[in-house]
Each structure stands twice: as C-alpha cells, then as structure tokens.
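In what follows, a single structure is set out as structure tokens and then discussed.
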C-alpha cells in the first residue's frame, strides 16, 4: 500500500570521520560549536555541555534551561560507563486535584486519558521543576575540564544574535502556533504580527529575539549555575510562576538534585550496552533486547530491510516491554527495577564518549515562556499517568517515568558508540534497532542510520518504513495492524537519532539524523 505521505527525494547523509573527534547534534551550529571545543583541547563532556547550551538558543522548542536531561559518559579505557541523571521532578506543591480526567485521550505524545483543558499538557499547570542547568553543571564538574563560563559563552552569543527563522524554523513554529498564541510571551516572541515568521520569497529569513534569554544566559555565565536555583534567576523564575499560576516554589528549585551512578550494563549478542538506569528508557530497553535475543538468535539475511522474522521480534519485544513499562514503572516502582526532545553524541580524540538526551518534552514544552528570564518551560507533568493509584500517577515531589534512552554500545572488536534519539515513546524502538543493526548485523554507523526502521511504541499499530522488503510488511500485517509511513522531514513518524563512535582501529566517526535539514555530525579540526 502506498502511504499518503510521500517525499520524492532520496536523502543520503554520509558519516563523518576525524581523528580529533566528532560532535553530532540536531542543529549544525551546535555541532560546529561542540567540534570547536574538541579542536581547542576540550574533552567530550566539555563539548556536550557547550553544544547542549547552544541548542537551547538555536533549537529552543526542543530543549533548554527550562527542561531536563539524561547523560551517559564512558571515559576511554574504562569498561564501565556513568549515568548523569537530571530528570524532572514535580513541585512539592503540585495538587493532583488540579488534573481531573476528561473524556477521550490526551492531545499530545503519550496517549494518556484526557485531562480537563489539557492542563497536564500545556499551560502553567503542566510545568515541572527544571533540572537541566544542575545536570549539565554536575557533569562538567565531575568529568569535564573547562569552566562553566567558557561553556555557556557560545550560547550567549547565539541568543544575542537571535534565532534565524528559516523555512524549517517556520515549520516548527507553525505546527503549534495555535497553542503558542495562548501564552502572552510565546505569542510575542514566536508569532510576530500574529503569524509564524516567514521571509519574503527570495529574501533573507527574519531573526527572532528570544525574549530575555540572552540576558539570563549572560547572568548564568557570570554568577554560575547555582544562580538558577538559589539566586537572582531563581527569584525571577518563582515570581513569574506565581504570577502565571505555575507550581514552582523557592524550595523546589533549591532542592534539585543530580544523581551520578554507574550505568546499567546490558549484554546483547556479545556486546555490552550501557544505558541510563532508573525512570528512563534504559530498564525497558534491557527487557526488550532480552526478548529480541530469545525470539531470534542470529541475523541471517543481507540486511535488516529483508529480515521479516527479526522485524517480528522487534515488534513483539517492544509491544511486551511497553505494556510492562506503562503498567508497572514509575516513582513508586523504581526500586524494583535494575538500578518531541533532542539528542547529541560526542566522541573526542582520546575516545571518551557522551550520549546526552535533553528535552522540554513536547514541542515548545508547556508553551509558556517566563517573561522575566526568556526561559521556555517544560511540560513535565505530561510524563505522569493522570489516572490515580498507579506507579506513575501525578503526585507532589515525584519523578515521572521518562522516555530518554541515551546509551553507549561496546561491540566485539573494540568499536564503541554513543547513541540516542529524540521522539517521545518512539525513542526506545529506534535505539533498540540501531543497537541490533550495529551488533547483530555488524553494520557501520552510516549504514545503520540509513537502514529502514519500524516503530512499535505502545499503540495498537506498527509503523513500517516502505523501504522494507514487501515480505516484512506482510509478515507484520499477519499479527498487527500496520501503517506504512516513510521516514520523512515532516511529519516525523520515527525517532530522530544521532551517534558518534570510537572505532577499534583508532578512528573517530559520527552520524546525524538523516531526514533533518539541520542535523549535522561535525568533525573537530585541529586548531
């Protein structure tokens, strides 16, 4: 069956090699900034934090100061990897009674039962306590070599220049313009004259000043990261929260904690996958990889696009893992488990690896920008199950179950890869297939990123890329409802991965999400 969505181009985005390292992000400017850090002698964590800060100024609808993240770090020569956990937490003053159930399903990424007025999805009551700044600072202090002020300086410069509203930025803004219009500051910043920004035909694109973000970044560079939680910036955030009706108190910000612990080590096909533990996609990834191994012991075809039984194994494993995940995991159940978003991956000259996933959750998060700081706030309450009495139910002071799934993969022969993706519940299906492509098929990073994928992320239907051989879709259709969608620029029906690797022969390689016009793997060129 020919899908209704069809883009007629064939896109190829070659992998990049550089002995000095590679930075792969969803925006070319952030990638180049991170690569420059490597070229100047910074390590992979320095580059990841610097690029992550830059992304908040050039791709602000995906991540930023008002969000959160998960990082996996593997230092060269160490068999283990480290998880830096800076996931969101609900305000201590959150009231579950503010989220009464409504008829139908929710309007955003997670298909929860609907909440009245979508107040868990957008608006002030959808906001959780932001943790990104604390997490980035903790990672830099533990594993980095550069001062915080140096890492934030490029983001300050980018914010001062303003966001270039090219066609892709216009597309992102237009896709949620009606919701942006509900917030005064978002409307003022992103909808000048009441419409999404757009250049005249043949003319240069306009630039958008992102509220007071540049001033806030500059202050954060001068005063240090704790100012976001206990200083002038913190007081501004709390004042705006009180004025707009968000639950964010001084004690919420002051109480933010970051956990650094050994990453979850998962064995698969002779390889080791190091994943973030706890309330992330990591434990479910471990479960799904185990189910794939049980269902299919080896790859027999020429490539994943011809392997019907492996596609069935992916679909079955993911369906089971998601059913268990949504029924059993959450704040109350974390101790029983093995101990819209952007992703970036970094490898440096020494072979240190970083996989960093950072997010505001939905596109533009809560669609609320705090005017005193220019900080676009997350909608972390959406990650909770709105139904009471469940492990992941809405409650004050709780941490929600998150979809972030950064990993480091070590395969036989000495190749190591930092991987991850953006895309909500679609993240884990992408990561499990990329791991399988690299480990079960022995593909290189470039071929793995160009191979077709399925998506089975908790819904009834399995989404299938039409590039699969016909027998793959036919086999899946015997067991599941199947929807055929290409991997296209828009809408994005599959997760958006980025990766970087330290090869056993000493080479360094990076690959970026193929279908994004912005995503880039940038090589570090010696200074």
query = Considering only residues of segment 95-133 that are farther than 30 Å from residue 72 by Cα and part of a loop (DSSP other than H, G, I, E, B), which is modelled with the lowest pLDDT?
reply = 107
request  = Could you please find all residues in segment 500-527 being more than 20 Å from residue 33 (Cβ to Cβ) and touching a strand residue (DSSP E or B) at 6+ places or on another chain (Cβ under 8 Å)?
outcome  = 501, 502, 503, 507, 515
inquiry  = Looking at (1) at pLDDT below 95; (2) in contact with a helix residue (DSSP H, G or I) (Cβ under 7 Å, 6 or more places away or on another chain); (3) on the phi > 0 side of the Ramachandran plot, which one does residue 198 not meet, given that it meets all the others?
reply    = (3)
note = Here the residues within segment 500-512 that are farther than 20 Å from residue 341 by Cα and surrounded by 18 or more Cβ atoms within 10 Å (Cβ to Cβ) are 501, 502, 503, 508, 509
Count of residues meeting criterion [assigned to a loop (DSSP other than H, G, I, E, B), over 23 Å from residue 451 (Cβ atoms) and within 21 Å of the chain's Cα centre (by Cα)] in segment 9-35 = 1
key: Residue within segment 36-59 that is in a loop (DSSP other than H, G, I, E, B), more than 19 Å from residue 225 (Cβ to Cβ), under 18 Å from the mean Cα position of the chain (by Cα) and modelled with pLDDT of 95 or more present   = yes
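Count, please, the residues in segment 353-390 that happen to be touching a strand residue (DSSP E or B) at 6+ places or on another chain (Cβ under 8 Å), surrounded by 24 or more Cβ atoms within 10 Å (Cβ to Cβ) and outside any strand (DSSP E or B). Give the steps one after another, and end with the answer.
Step one: list which residues in segment 353-390 are touching a strand residue (DSSP E or B) at 6+ places or on another chain (Cβ under 8 Å), which gives 353-360, 364-366, 368-370, 375-378, 380, 384-387.
With the extra rule that they be surrounded by 24 or more Cβ atoms within 10 Å (Cβ to Cβ), the set shrinks to 353-360, 364-366, 368-370, 375-378, 380, 384, 386.
Adding the requirement that they be outside any strand (DSSP E or B) leaves 360, 364-366, 368, 378, 380, 384, 386.
So the count comes out to 9.
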query = Considering only segment 80-106, how many residues are touching a strand residue (DSSP E or B) at 6+ places or on another chain (Cβ under 8 Å) and either buried (at least 17 other Cβ atoms within 10 Å of the Cβ) or closer than 14 Å to residue 274 by Cα (or both)?
reply = 14
note = The condition from (1) buried (at least 24 other Cβ atoms within 10 Å of the Cβ); (2) part of a loop (DSSP other than H, G, I, E, B) that residue 515 misses is numbered (1)
task = Hand me the list of helices (runs of 4 or more DSSP H) wholly inside segment 136-250 holding 1 or more residues that are in contact with a strand residue (DSSP E or B) (Cβ under 7 Å, 6 or more places away or on another chain) and crowded, with 18+ Cβ neighbours inside 10 Å.
result = 167-175, 184-190, 213-223, 232-244
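The values are calculated or read from the model by the stated rules, or taken from the named source; none is laboratory data. Note that the coordinates shown come from a computational prediction; the quantities given were computed from them, not determined experimentally. Glycine also receives a Cβ, built like all others from the backbone with ideal geometry; neighbour counts cover every protein chain displayed.
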